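Report on the following structure.
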């Protein structure tokens with residue numbers, strides 16, 4: 001595992017109290033502090049997500065009105081490029097218009113997906129502003145619409161479709177494209193979704209037509225719902241497995257020092273074993289094997305709480 005893990009710092013997201021407070025007050029210094037903090041901790045990119053959450057309602061116009069002020073403030077405070085995260089094409093139009101790539105380099109547009117409205121316009125923005133781009137490989141086009149990818153082969157096909165589309169319509173090279181295969185909370189993953197994502201990474205990594213593409217997950221999703229004291233170690237164990245499968249980007253909290261564990265670390269080994277238990281045996285449903293995997297993950301948590309690895 002010789003590749004570097006690129007961290008996209010996620011603290012400028014209204015899921016976090018500091019960002020939520022800064023947005024509510026339209027506090028530019030609050031955003032500068034978050035940008036500086038993440039950059040000092042080694043984040044390679046800084047995500048900017050102003051959207052609403054369960055804790056705060058945000059109208060689209062509020063985001064659009066704030067972007068012209070907050071983007072220059074962030075760029076003043078930290079050198080890392082910004083990853084703009086929103087499903088709205090209008091958000092990206094305003095954000096990219098006010099972003100100064102001379103200061104920070106190429107931004108990231110997050111994200112393209114089969115179900116996106118105005119997908120063609122978003123691809124045109126990628127081309128016009130010469131951005132890196134995150135693609136959701138958890139959705140695919142089907143006759144008459146879109147559907148969720150239910151197996152690694154579907155995700156591989158979705159990734160390949162978008163890579164070809166971006167090469168043709170936006171002039172993107174493979175190394176300008178970041179594929180998100182999806183990451184489910186492992187403690188509640190009774191359908192084998194974590195394995196599906198890892199297996200999709202392996203298929204993408206093995207495809208010569210996709211050589212050079214990057215792969216990403218939203219790391220904070222992984223340990224959601226598990227005991228707080230074990231979450232950091234579980235996330236690092238996942239990074240160990242993910243990077244062996246081709247992962248090289250993570251949307252993560254830099255304050256938690258996200259990094260893979262050694263391959264022979266007990267937590268990485270136990271997580272690997274738990275995920276293997278989640279693969280259905282002959283005649284089994286995913287639900288049966290998924291509950292077996294969930295039980296193994298909970299056993300890891302109990303053991304960690306009793307005796308630190």
Quick one: would you say residue 291 is at pLDDT below 95, in a helix (DSSP H, G or I) and buried (at least 19 other Cβ atoms within 10 Å of the Cβ)?
no
Given the condition more than 24 Å from the chain's Cα centre (by Cα) and either outside any helix (DSSP H, G or I) or within 29 Å of residue 214 (Cβ to Cβ) (or both), answer yes or no: does some residue in the range 245-264 qualify?
yes
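Would you please name the residue that is surrounded by the most Cβ atoms within 10 Å (Cβ to Cβ), looking only at residues in the range 18-28 that are free of Cβ contacts under 8 Å to residues at least 12 places away in the same chain and not in a loop (DSSP other than H, G, I, E, B)?
Per the stated criteria, the residue is 21.
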Would you confirm whether or not the range 61-75 contains a residue that is within 16 Å of residue 133 (Cα to Cα) and either modelled with pLDDT of 95 or more or surrounded by fewer than 22 Cβ atoms within 10 Å (Cβ to Cβ) (or both)?
no
With more than 30 Å from residue 259 (Cβ to Cβ) and in contact (Cβ under 8 Å) with a residue 24 or more places away in the chain as the only criterion, which of 68, 81 stands out?
68
Residues that are within 24 Å of residue 163 (Cβ to Cβ), touching a residue at least 24 places away in the same chain (Cβ under 8 Å), buried (at least 20 other Cβ atoms within 10 Å of the Cβ) and touching a strand residue (DSSP E or B) at 6+ places or on another chain (Cβ under 9 Å): does the range 217-227 have at least one?
yes
Regarding residue 126, is this residue in contact with a helix residue (DSSP H, G or I) (Cβ under 8 Å, 6 or more places away or on another chain), at pLDDT 95 or above, buried (at least 21 other Cβ atoms within 10 Å of the Cβ) and closer than 30 Å to residue 75 by Cα?
yes
Out of 245, 259, 296, sole residue that is modelled with pLDDT of 95 or more, farther than 19 Å from residue 197 by Cβ and surrounded by fewer than 21 Cβ atoms within 10 Å (Cβ to Cβ)
259
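The values are calculated or read from the model by the stated rules, or taken from the named source; none is laboratory data. Small disclaimer: the values here were computed from a predicted structure and weren't measured. Because the Cβ atoms are built from the backbone with ideal geometry, glycine has one as well, and the counts that use them run over all protein chains shown.
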